[in-house]
Structure formats: structure tokens, C-alpha cells
Amino acid sequence: MSTSRSTRIVLYVYGVIVIAFLYLPLVSVGFASVSQARYLSFPIKRYSTKWYGEAMASSTVSELLTTSLSVAVLVTVISVVVAFFGALAFARYHWRFRTTFQKLILLPIFFPQTVLGLALLMWFNSLGIIPTWKTAVVAHLVWIAPIATLIVAIRAYSFDPALEEAARDMGANTVTILREITLPLLMPGLVSAGLFAFLLSWGNFPLSLFTTGADSTLPEWLYAKMVSGYSPLVPTLGVMSVVGSFVLILAAFAVAWLVRVNRDARVAQD
Amino acid sequence: MNRLDGKLGFLSALPLALVLLLSFLAPLVVVALFSIMPPKVFSLANMPDFSAYSLFFSQGYYKSLLWSLGMALCATVILVVLCWPLAYAMAKVFGRFSLILTVAVVMSLFVSENIRLFGWVLTLMKGGLIEGHLRSWTGVGFEGPLYSVPIIIFGLVYVYLPFMLFPLAQGISMVPDDTRQAAYDLGASRWQVLWQIEVPLAAPGIVVGSLLSFVLAAGALAESKILGGQAVIAIADDVETAFTFGQNWPLGSALSMILIVIIGGLALFGVSKVDLDAIMGRKR
Amino acid sequence: MDSPGLLRLRGVVKRFGNFTALKGIDLDIAEGEFFTIVGPSGSGKSTMIRLLVGMDEVTEGEIWLRDKRIDQTPANLRPTCMVFQSLALFPHMTVGQNIEFPMKIRKEAPAKRRARAEELLDLLRLPRRYYDKRISQCSGGERQRVALARALAFDPEILFFDEPLSALDYRLRKTLEKELKDLHTRTGKTFVYITHSLEEAMVMSDRIAIMKDGQFEQIAVADQIYSAPVSRFVAEFMGEVNLFPLRAGADGRIESPTLSVRPGVALSDLAPGHDGLLMVRPEYLRLADSGGSFDFTLSGVVHGEYALGSRIQYEIKTENGMVTVEKLREERLSAAEGQKVTLGFNAANTHFIGEAA
């Protein structure tokens, strides 16, 4: 059965509406960030970029950015390494507790993050660890490492296990196989997992809320200002955070595209 | 399963298993232990007295739980209905547009949810994007819809849409085209095909999507805080208050435990029902 | 086949939990032999090859290669190589890198590797410019040749094949079967091949082993397996066959519930007082109505006629079930559907299987 033309058009329109629905609030935040007034009201009377100037100059903002960035980078690096091996255990190797392991990984993703953050706070407290941004890294990992693992696992499922068996059959040992076969084949999955890990950590606040101690990440600060005293910097920093994420994603797409073009060019020479 | 695979599987699972053991399972044990401590203690070196659980009923915390579960249920039902046509189109109708839609939805996930919810406040508030412009053009304004139960459900639908959409699309893509065609060929109507063929075959996706949305919505905090004002109190809000303002860790832990048992039960039920290998596309 | 076995299996057993996949296999494969293991799916042939290559461990028993016991040696240290069903060509490497992979693992110098790779491209009749081609740009037949070149690269003692042709279309498969046979002759290597296709086995092999339920039913040259199967299973596995229950009385006289037996006919394998099955292939059945004398006759009604290309197959309905007859197109029967016919065949064209009906 092929869907009728009118149904198709309706579905496309619906898809566009959903995208608009998802991004409408960001449009409001965007407008708010360039409003000159201290107390926002639409329609905006005078536009100004002064809040961006203030944000750039503020030492609080640069501290927030540094903390968020440090957490995200550390979470990304650890997640990718853990996910590489985790995905192999998840998808590739047949071992005794594989299905149990698969289900264990899913649980943190299903878990309310606020509760998880609080549980970690109590755990750190009973261990005598004072929470800082480093403990937030641990908190983020609980949620992000499983997601990264799933992303790499999808890639691991898509290649034939016989490739590794063939390499072993031809004399390669486990380390060589991981380096020469598995790693290159999983690379696209690892890159997306790293991208996801960074962005999810960058935007996360429920996990950071109770686990950063005296430090504060950008989303945490925004939340605090939203529920207590409003600051005109909230929309501005929100936009900066979003733009930062999107620039990273675009860069990733650009790199992927360049790699493909480069490879196609090499092939075309044959 | 041969010996080498067994060994490699165990070794490669080790890092992630350790992360989860030390920072997921161990904290849960601590929560469970704290929940049976006497009120307002900050150490586990006390005689357990289970008093915190009795507060759940006597202090009316069960109302928050019911509100949270009720709103989560509403949001989940709305999400299934809203996402089904789109998921269907992504799996079967859209070609390249599927990819664009996927990228757009995933990218929205990377924006901190409180920024997005705050954006809705700016959009819907009195003097916000919609009301403000309407008033300046027509001169007629209206009270913003903020700070009510429906707007909290709206927020839940908005935030958890991707968690319903993607599993649903995955589930629908697992329905072979020829079963649908065969059903039409045998004389089934559009509705019969939907209920007799597509829904049963896409069931794993529906189950995963619904569970994920429900569980996350039931434990949500930001929607009721940012969009709902204090119209109703979500259970996660009570948990947070008990820890911060109330300085009563055992109470917070007991409330958490109740939430964890409900959510954990559902999550375990859900993950035990689905074959991950099949959903994620195992070869061989 | 009398030379001492290059590869020897002694009492090899493989169990997966409660399931026994291989039930005590003994086997000798000679150097330079093209040995094929045929069996339906679930017969244990895939398990068998995984044990031989070293991707699974034996539960009991020994595997010997020349004078070395190898059943405990991991796959990467065995001097054997396998061509996979999926070919398992590395998609992120070029044709050349694929072929050189086993030599790179053995740390051979780049120049030497390159020379060997080109030599192998020549051997497999692939143009040398394919060295830099990506795997995704090769056709099915070319990939097959690349996989063969890669398997030959480190000069393994034995080449194993796990149904490498099963995914290809009919014509390409036929071409590659002949190429493989030719490659075997030119390299002089020992080939051990598993397949579920009897046709493939018959075209290429020196010897064929028929496998069923984790055991060998029969190991013999192709012709013998076809004309003298040891069991009903082998007989039926090797194509269309008619089986008639027989019994020899105490006086040696043959009795059959379905066949009329000419007095005085004797079967050397059928001892007095025993029973079994008489096998006759469809091409040995003749029409008896037109005269001539036959050791065995039966009658029935023509039930169906099916064209099989060069041959025509008839189904004759008898009182005790269907009998299959095949004729070359030019020898087609003159009987029409529904017509009563009498069929006959001679003892020389039959084979007796001492297995109860």
C-alpha cells in the first residue's frame, strides 16, 4: 500500500509543526536575550546586545562556563572509553551474564535523575567525600555512560562478528583485533557517542543539582535564577549555551562530510 | 558461547559494571538504609525506626505521589496519540525528511530542559511572546495559561516527546510492510489493520516508549516548578524539599524509595519484556 | 587415501549444555585432498568446522595436524585458515590491505607483502590494479576471489570453507565451483569444505562425508555415495530415490509387499531371514509393458509429469504410494496421465540397504 498524496502532505505538515513546537520556546528565549529592558515583556520595544556584553565581562559567567566545560570534557572522555568496551560486552561477545548486563545498563536511563542526584549526595556523604564538580562527573557518568554504550552497541550490532573471527583465524591476537578491526569499525559510533556524551553533560541539570557542592554548572545557575530571583542574564546565557551546542554539532557534521568527500575523492582516482 | 568470548565479555563489561556498581547500585543501598533511619539524622549509625514511612500517609505526601503518577499517565497517553502518526511517517513514509526530523528532535534534547521550559514561560506568560503580540495587534489580551495542572502536563508532553517518538518509530519500522499489505489484500480496513496488525507488531516499541515517558515524567521536577508554579507539588519536589529546606534525609529517602519501587518495578517489567538484541538490530 | 592423514580427529565430542552437537567423530583427511562435509542444517557441520578452525573448543577428544595435537591451540596460532560464509572481508580496508592482513600480523616487510599480494591477485585472476580498490566496489565474484587470496596469503596448511557460495546466484555459483576445483588442483592445498548442497559437493570433492545428528553417516567418493548409500537418510539426501521394503525367507526367496519378484533373483547383501530396503534411482525404472524381462516389476497409474529441463520426471501412483521415474527428454514415456503402466528394473541397478522400513 502506498500512502495517498494528501495523507503524505498532512504528515509532512505535521512533522514541520512538531519541529516548530520543539523550537518555539527557544525562539522566545532568543528574543528575550536581545531585549534591552531589565524586565521582559513582548513585543520587545528596543533591541540591544548589552546583556551579551555583560555576560562576556562577568567573572561568574566564565566560572560557570569553565565548570560546565570541565565536567563535560571529562564525562566525554571517560564515557567513550567505558562505552567502547561496554558495547562489546553488550552486543558482541557471548558471555554468561550478557542479558543481565544489558538490563542493568538500561536501569539508570529509566531512573528519575533528581532522585539519583540525591542518592549520590548521600553516598558521597557516607564515604566522607565533599561534593565538587568532580563528583558531578561521577553523577553524569551514571546516566551518560549507559547511553553512550547503547549508541556504540548499535554500531557493534551492525557489523558481522565473523570479521573478528576471520582476523583471529589469520593469526591476530585479541589486542591486534581490537586495534585493527574493532576500533576502526566502531569509530563512527564512538564519535557519535562522544558527541552525545558531551552535549548531554553540557545541558544536564538534575544530576548536577545536588552533586556539584559549592561549584555550579551553567544549567544549575540558570535553574536557580529561574525559580528564585530572575536575572536578565538568564535568556542570554541560555542562548549562549544553546549556540555552543549547535556549533559543536555543525562542526561534527562538517568533519564527517569532509572525511567522506576526501574518501570519495581518493576512490575516484582509481 | 566459547571460553574466549566468555572471558572477553566479562572483561569488557567490567569498566561500565564498576561505574554502575559504585555510583548507581551503592547509592541506592544508601537511600534504602537512610529511609529507615529516625528523623533528621545525617549518619547511618542510628537505630532504624521506619518512622519516615509513616509520614508518607500522615503528612499527605501520598497526594503528591498521586498527582505525579496521574500527570505522568495523562502525558503518556497524550504522547502515544500525538507521536503515533509521526512515528509511523518516520518509519514508513518520510525518506530524507525522517533524518532531518531525527536530527532536529535529537538536537532539541541537547538544550538543557530548564532553558526550554523557561522558553515556554516566556512564550505563554502574560506579556509573553504570544499574549504580548496578540494584545499589541488586537488590543485584546488574556490571562496566561501558566501555573495550572494542564500546563504541567503540557510541559511533560513537550519534554518527553523524543522518548516516546523514537521507540515508537523503531517499533513501527519492525512491522514488515508485506504483513500490512497482506491484511489489506485480505479485505481489512484501515482501522482493522491498525488494531489487528500494526499495534500488536509494534508492541515492543509502544511498551518501551510508554514506560520511558511515564517513568521519566513521574520523577520529573522542573515542569511543575518552572511551568506549574506551585499549582501542585510533584513527588520529586517533595523529595527535594525534604533534603534541602527540611534537612530531613530519612524522609527524603523514604519518599525516594517509594518512587523508586514504583518506577523500578515498571522499568524492570519493561526491560524484561523486550528483546534488546532484536530491537537494536543484531545480525545472525 | 591411504597416505597417513594430515588432519586426524579422534573421538571428538562437542556439547552445548545438555545438547550434544557432535557425538564422537573420528576422521582422517589426507594431504592435498578436497574433502567435503554435507549435511542438513542442524547436523553439526558448522560446529565441526568451528572446532577445526579453533573458534570453539572440543568437549572431548583430540584433533591432530601432522604430528601436533591442536585441539587446545587458539585459532590465531593454528596454521589453518577459513573462508567464511559471509567472506568477512574487512570493509574499512582496500583489497590489497585485506590480502596483506595475515602477513602484516606476522610482521612481514611491506615490500614482501606487496609482492605476495600481487602474486595472489595473479593466481586468482584479478587485475593488479584491484590492489587499491575498496571492498564495497567489488562484485560478488570478485569478493569471493579476494577472500580466497587473503586465505591463501600466509600459506596455511589447510583451507576451510564454510558454505562460501551459498549466498550467490546460480550461474556465478557454478562458475566459482569450477574455479575452486581448479584452484585446488593448482595450489595442491588441502581443502575442507562444508555445504548443505549436494550438487556443490559432487562437482568439487575427492571425498564426501554425509553428516546427520552429530555423526557421519557415510564417508566415500561421490559416486559411491550416490549408488551405494549405507542408509535411507543418505539415499534420500542424495536426490530422488525409490525405496521398496524387502524380506528374504528362510529358503532365501525374496518377498516384497509391493514388488513382483522374478523367481530365482537373489541379492548378495540380503541374508535369509533378514529384511531391509531396496533402493533404485528413478533413472533405472523402465516400462515393462513393451516387453523385456525384469527382475522386479510393479504396476500403477501415471499420476503426474514434470519437466526438469533435460529430464522429465513422472510420478506413478501405486497401491503402496508414489514411485518416481525419470527419463531423458528424448526417451519420454508414451503413457498419458491416468494410464495404467507396469514398471520394471533389474537387480544390477539396485542397492540393498539393511535398514528396517
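Here is how the numbers come out for the structure above:
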read-out	value
Residue, nearest to B:LEU161 (Cα to Cα), within the stretch B:208-228, restricted to residues that are outside any helix (DSSP H, G or I) and within 10 Å of chain A (Cβ to nearest Cβ)	B:ALA220
Within the stretch C:24-55, tally of residues that are part of a helix (DSSP H, G or I), of a type outside the set (A, V, I, L, M) and more than 22 Å from C:GLU177 (Cβ to Cβ)	2
Number of the condition not met by C:LEU120 [criteria: (1) in contact with an Asp or Glu (Cβ under 8 Å, 6 or more places away or on another chain); (2) without any contact (Cβ under 8 Å) to a residue 40 or more places away in the chain; (3) closer than 18 Å to C:ILE158 by Cβ; (4) not assigned by TED's automatic domain parsing to the domain that holds C:GLN218]	(1)
Residue that is nearest to C:GLU33 (Cα to Cα) [pool: residues in the stretch C:205-225 that are not in a strand (DSSP E or B) and not aliphatic (A, V, I, L, M)]	C:ASP206
Matching residues in the stretch B:82-116 - criterion: being surrounded by 21 or more Cβ atoms within 10 Å (Cβ to Cβ) and more than 7 Å from every other protein chain (Cβ to nearest Cβ)	B:CYS83, B:TRP84, B:ALA87, B:TYR88, B:MET90, B:GLU113
Residues of the stretch C:226-254 satisfying the condition of being out of contact with any Asp or Glu (no Cβ under 9 Å at 6 or more places or on another chain) and farther than 30 Å from C:GLU199 by Cα	C:ALA250, C:ASP251, C:GLY252, C:ARG253, C:ILE254
Residue among C:THR185, C:THR175 that is within 24 Å of C:ASP28 (Cβ to Cβ) and assigned to a helix (DSSP H, G or I)	C:THR185
Residue satisfying all of: in the stretch A:1-18; hydrophobic (A, V, I, L, M, F, W, C) and surrounded by 15 or more Cβ atoms within 10 Å (Cβ to Cβ); nearest to the other protein chains (Cβ to nearest Cβ) among these	A:LEU11
Test result for B:PHE166, of a type in the set (Phe, Trp, Tyr) and under 16 Å from the mean Cα position of the chain (by Cα)	yes
Residue in the stretch C:78-98 that is basic (Lys, Arg), buried (at least 17 other Cβ atoms within 10 Å of the Cβ) and more than 34 Å from the chain's Cα centre (by Cα) present	no
Failed item in (1) within 7 Å of chain A (Cβ to nearest Cβ); (2) in a helix (DSSP H, G or I), with B:GLY155 passing the rest	(1)
Hits in the stretch B:213-232 (condition: at pLDDT 85 or above and surrounded by fewer than 24 Cβ atoms within 10 Å (Cβ to Cβ))	B:LEU216
Residue list for the stretch B:90-119, restricted to those being touching a residue at least 40 places away in the same chain (Cβ under 8 Å) and in contact with a Phe, Trp or Tyr (Cβ under 7 Å, 6 or more places away or on another chain)	B:SER108, B:ASN114
Selected residue (criterion: nearest to the other protein chains (Cβ to nearest Cβ)) from residues of the stretch B:243-254 that are surrounded by fewer than 24 Cβ atoms within 10 Å (Cβ to Cβ) and among the hydrophobic types (A, V, I, L, M, F, W, C)	B:PHE243
Residue that is over 17 Å from C:PRO40 (Cβ atoms) and basic (Lys, Arg), where the choices are C:ARG232, C:ARG286	C:ARG286
Cross-chain or 6+ apart pairs with Cβ under 6 Å, the stretch C:215-244 first and free of Cβ contacts under 8 Å to residues at least 24 places away in the same chain, then among the aromatic types (Phe, Trp, Tyr) and not in a loop (DSSP other than H, G, I, E, B)	C:GLU217/C:PHE233
Test for B:ILE235: is it buried (at least 22 other Cβ atoms within 10 Å of the Cβ) and facing chain A (nearest Cβ under 7 Å)	no
Options B:ASP277, B:ASP185, B:ASP177; residue that is without any contact (Cβ under 8 Å) to a residue 24 or more places away in the chain, farther than 21 Å from A:LEU150 by Cβ and either of a type in the set (Val, Ile, Thr) or surrounded by fewer than 22 Cβ atoms within 10 Å (Cβ to Cβ) (or both)	B:ASP185
Any hit, the stretch B:68-88, residues being more than 30 Å from B:GLN230 (Cα to Cα), in contact (Cβ under 8 Å) with a residue 60 or more places away in the chain and not aromatic (Phe, Trp, Tyr)	yes
Residue among C:LEU165, C:LEU159 that is of a type outside the set (Val, Ile, Thr), in contact with a Lys or Arg (Cβ under 9 Å, 6 or more places away or on another chain) and part of a loop (DSSP other than H, G, I, E, B)	C:LEU165
Helices (runs of 4 or more DSSP H) enclosed by the stretch A:59-144 - at least 1 residues per element that are within 10 Å of chain B (Cβ to nearest Cβ) and touching a residue at least 60 places away in the same chain (Cβ under 8 Å)	A:59-87, A:113-127
Residue check, B:LEU44 over 23 Å from the mean Cα position of the chain (by Cα), modelled with pLDDT of 85 or more and of a type in the set (A, V, I, L, M, F, W, C)	no
Cβ pairs under 8 Å, 6+ apart, first in the stretch A:155-174 and within 7 Å of chain C (Cβ to nearest Cβ) and more than 18 Å from A:PHE84 (Cβ to Cβ), second surrounded by fewer than 21 Cβ atoms within 10 Å (Cβ to Cβ) and basic (Lys, Arg)	A:ASP160/B:LYS283; A:ASP160/B:ARG284; A:GLY171/C:ARG106
Residues located in the stretch B:6-63, provided they are more than 8 Å from every other protein chain (Cβ to nearest Cβ), in contact with a helix residue (DSSP H, G or I) (Cβ under 8 Å, 6 or more places away or on another chain) and closer than 21 Å to B:ASP237 by Cβ	B:SER35, B:PRO39, B:LYS40, B:ALA52, B:TYR53, B:LEU55, B:PHE56, B:TYR61, B:TYR62
Subset of the stretch B:1-40 that is closer than 30 Å to C:PRO74 by Cβ and among the basic types (Lys, Arg) - its residue that is surrounded by the most Cβ atoms within 10 Å (Cβ to Cβ)	B:LYS7
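For every residue, the table says whether it meets (1) touching a strand residue (DSSP E or B) at 6+ places or on another chain (Cβ under 9 Å); (2) crowded, with 16+ Cβ neighbours inside 10 Å.
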{"position": "C:PHE161", "(1), (2)": "yes, yes"}
{"position": "C:ARG173", "(1), (2)": "no, yes"}
{"position": "C:THR187", "(1), (2)": "yes, no"}
{"position": "C:GLU199", "(1), (2)": "no, no"}
{"position": "C:MET202", "(1), (2)": "yes, yes"}
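The values are calculated or read from the model by the stated rules, or taken from the named source; none is laboratory data. This is a predicted model, so every value here is computed, not measured. All Cβ positions, glycine included, derive from the backbone under ideal geometry; neighbour counts span all protein chains shown.
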